Each structure stands twice: as C-alpha cells, then as structure tokens.
1. Given the conditions (1) over 13 Å from the mean Cα position of the chain (by Cα); (2) touching a residue at least 60 places away in the same chain (Cβ under 8 Å); (3) surrounded by 15 or more Cβ atoms within 10 Å (Cβ to Cβ), which single one is not true for Gly108?
2. Considering only the range 123-145, state which residues are farther than 13 Å from Phe79 by Cβ, buried (at least 16 other Cβ atoms within 10 Å of the Cβ) and either touching a strand residue (DSSP E or B) at 6+ places or on another chain (Cβ under 6 Å) or small (Gly, Ala, Ser) (or both).
3. Does Gly103 qualify as being touching a Phe, Trp or Tyr at 6+ places or on another chain (Cβ under 8 Å), surrounded by 13 or more Cβ atoms within 10 Å (Cβ to Cβ) and without any contact (Cβ under 8 Å) to a residue 40 or more places away in the chain?
4. Between residues in the range 43-69 that are modelled with pLDDT of 95 or more and residues that are of a type in the set (S, T, N, Q), which pairs lie under 7 Å by C-beta distance while being six or more apart or on different chains?
5. Hey, can you tell me all the residues within the range 27-65 that are β-branched (Val, Ile, Thr), crowded, with 17+ Cβ neighbours inside 10 Å and in a helix (DSSP H, G or I)?
6. Just checking: which of the helices (runs of 4 or more DSSP H) contained wholly in the range 68-160 hold 3 or more residues that are of a type outside the set (A, V, I, L, M, F, W, C)?
7. Working only within the range 150-168, note down all residues that are surrounded by 12 or more Cβ atoms within 10 Å (Cβ to Cβ) and of a type outside the set (S, T, N, Q).
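The values are calculated or read from the model by the stated rules, or taken from the named source; none is laboratory data. Here the structure is a predicted model, which is why all the values come from computation and not from measurement. All Cβ positions, even for glycine, are placed from backbone atoms using ideal geometry, and neighbour counts span all protein chains on display.
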Amino acid sequence: MSEAKPVLYVIGCGGRPAAQLPGFTRHAAATGWDPCAILTPDAVKFTSPADLEAATGRPVRTAYKRPEDPDILPPADAFAVTPATFNTVNKLAAGISDNLATGLLNEGIGLARPVLVVPWPSIQLYRHPAFSRSIALLREWGVTVLLDPERLPQATPEPAVFPWAQARDALAGLRARARRQDG
C-alpha cells in the first residue's frame with residue numbers, strides 16, 4: 001500500500017445477510033478502504049450485483065477470468081467475508097478453491113493477508129464437528145473470526161440478527177494489520 005487507500009475484497013456468500021452488502025461496502029469506503037466485491041455463485045441469489053457496483057464503483061466478480069484477460073480489480077490488501085456460509089468456512093479450512101471467492105481467499109491466507117470471516121450457519125450446522133475444527137484452524141492461521149453462537153439462525157426463538165456492527169468495527173483492526181504488513 002502506498003498513499004492510496006488499501007484495497008478490501010468484500011466477499012459475500014449465499015445467505016440472507018448478503019442483501020446488506022452494499023451498505024457494508026459503502027461503510028468500508030467511508031472509513032478509508034477501496035472496496036471491491038466478489039460474490040460466490042449462490043450469493044447472487046441474495047444481493048444485487050448492480051447495487052454493489054454502485055457502492056464500489058467497480059465491477060462485481062463472481063467467476064474466474066480467462067488467463068489471458070487482464071485483472072479488472074486491484075490486488076487485495078485485506079479480505080472480509082460477510083456472511084460466510086458453513087460451506088465456505090469448511091472449504092477455506094480444507095484449502096478448496098472451487099470458485100473465485102474461495103480461490104482468492106485461499107491465496108490471501110497463503111500470502112498472510114488480513115482476513116475477517118463472519119460465519120452465518122444455522123445453529124445445527126454450527127454444531128457439526130467439521131465446522132468447529134474449521135473455525136479453530138482458520139483462527140490458528142491468523143484469520144479473525146467473529147462468531148457468537150447464541151445469535152445464529154435458529155439458536156433462539158427470536159429472529160437472528162447478523163452482526164453488521166461488529167463486522168464494521170472489525171474493519172479498523174483489519175486495516176491496522178494491513179498497514180503493518182505493508183510497512
């Protein structure tokens with residue numbers, strides 16, 4: 001990073017909270033990030049790529065490009081996965097890159113870029129043994145994981161509320177880690 005704003009790849013997975021990704025990316029831009037949006041194939045069912053393009057001023061990527069095509073996004077200084085599905089969390093921990101989002105995240109982890117993951121599985125999937133192992137492994141690798149099991153879908157009779165405020169607050173720590181990495 002030079003004097004330019006650090007680049008944040010905001011990665012959305014298939015879940016209802018993805019509908020609020022445009023607001024999250026606008027917040028990131030207002031707090032000093034240059035956000036770019038990447039969506040998993042299922043995320044497009046829950047959010048509007050056009051709204052994300054308006055929020056970031058850049059095209060939204062959902063698939064790998066052809067090798068001979070130029071990159072349309074600058075390289076990432078940090079990543080925020082909001083929401084992260086059960087599937088994506090487990091793929092990351094296993095190093096699976098079967099879509100653009102997981103491929104970029106795996107590269108980011110391999111390069112020791114700061115990564116924030118905000119998982120949003122149902123309470124039933126949260127209790128799956130593979131999930132807790134995946135979360136522990138991601139944390140061991142230095143990934144910041146925001147997870148409150150008591151607030152997950154179906155954990156209580158009340159409707160679950162995605163922790164957008166905590167995710168926005170975590171961007172400051174992510175930015176500090178990105179700066180230390182550059183310096």
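1. (1)
2. Matches in the range 123-145: Ser134, Ile135.
3. Numbers: touching a Phe, Trp or Tyr at 6+ places or on another chain (Cβ under 8 Å): yes; surrounded by 13 or more Cβ atoms within 10 Å (Cβ to Cβ): yes; without any contact (Cβ under 8 Å) to a residue 40 or more places away in the chain: yes.
Criteria met by Gly103.
4. From residues that are modelled with pLDDT of 95 or more, the pairs are Val44/Thr62; Leu52/Thr25; Ala55/Thr25; Thr56/Thr25.
5. Thr56
6. Where helices (runs of 4 or more DSSP H) fall fully within the range 68-160 and carry at least 3 residues being of a type outside the set (A, V, I, L, M, F, W, C), they are 86-94, 100-110, 129-140.
7. If we filter the range 150-168 for residues that are surrounded by 12 or more Cβ atoms within 10 Å (Cβ to Cβ), which is where we start, we get 151-155, 160, 162-164, 166-168.
Within the range 150-168, Arg151, Leu152, Pro153, Ala155, Ala160, Phe162, Pro163, Trp164, Ala167, Arg168 meet the criteria.
Yes/no per residue for (1) under 26 Å from Pro22 (Cβ atoms); (2) at pLDDT below 95:
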residue: Ile72; (1), (2): yes, yes
residue: Ala84; (1), (2): yes, no
residue: Leu104; (1), (2): yes, no
residue: Pro114; (1), (2): yes, no
residue: Trp141; (1), (2): no, no
residue: Pro153; (1), (2): yes, yes
residue: Pro157; (1), (2): no, yes
